[in-house]
Amino acid sequence: MDSDLPTQALRDRWEDVEADLEATAAELEDEGWTTLPLHPGDVTTRIGRDDGPAGLDVMVAGNEFEALTEQLEEGAAFSETAVFRQAAGGVAFLVCVLRDPDRRVAVLVPAFYPQTGEDAQALAEHAHDVGQVELHVRPLQRDRVVTFTVDDPELVFPES
């Protein structure tokens, strides 16, 4: 299910998320990290229908995707994860920070998902069942994918 931000208030909240993303990247850079903040053109909730992967599908511009794959080709291994989460108007907004502490490289992935509805519930249940949430980062052409794993689904889908 594609989830577009339905109102100006939610668009404003997304702008706040993007500002948080840039501020977090700047803090990491001040600490000596190389950062790659991504700027999605679309985020889609995938629940694994038609044998496709479950998770959040994050589409980014080709130049950002290329910079990401270059980091991976140079040996980056993102073993540490932090997730900053807030909710407004039935939508959860995330900034996922994936770090390679050895190379001091961090990728910052903003995302969102609807908190209600069948797809949101199915994805949350799947994440808790398998013990992880996958972030599938793709370029606009959708011909390649880089998948990151958040090993604690509670960071993305808190059970309340």
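Data table
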| read-out | value |
| --- | --- |
| For VAL109: the one exception among (1) within 16 Å of HIS136 (Cβ to Cβ); (2) assigned to a loop (DSSP other than H, G, I, E, B) | (2) |
| Complete set of residues in the stretch 49-76 that are surrounded by 14 or more Cβ atoms within 10 Å (Cβ to Cβ) and in a loop (DSSP other than H, G, I, E, B) | ALA61, ALA76 |
| Checklist (1) more than 21 Å from HIS136 (Cα to Cα); (2) surrounded by 14 or more Cβ atoms within 10 Å (Cβ to Cβ) applied to ALA9, failing item | (2) |
| Residue ID - surrounded by the fewest Cβ atoms within 10 Å (Cβ to Cβ), chosen from residues in the stretch 114-160 that are assigned to a loop (DSSP other than H, G, I, E, B) and of a type in the set (Val, Ile, Thr) | THR116 |
| Filter result for the condition that a residue is modelled with pLDDT of 90 or more, closer than 20 Å to GLY41 by Cα and not polar (S, T, N, Q), over PRO139, PRO153 | PRO139 |
| Residue in the stretch 88-98 that is surrounded by the fewest Cβ atoms within 10 Å (Cβ to Cβ), counting only those that are in contact with a strand residue (DSSP E or B) (Cβ under 9 Å, 6 or more places away or on another chain) and closer than 18 Å to PRO40 by Cβ | ALA92 |
| Out of THR35, THR24, THR45, sole residue that is surrounded by 15 or more Cβ atoms within 10 Å (Cβ to Cβ), part of a helix (DSSP H, G or I) and either touching a Cys at 6+ places or on another chain (Cβ under 7 Å) or touching a residue at least 40 places away in the same chain (Cβ under 8 Å) (or both) | THR24 |
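The values are calculated or read from the model by the stated rules, or taken from the named source; none is laboratory data. None of the values given here were measured: they were computed from a predicted structure. Glycine gets a Cβ as well: all are built from the backbone with ideal geometry, and neighbour counts include every protein chain shown.
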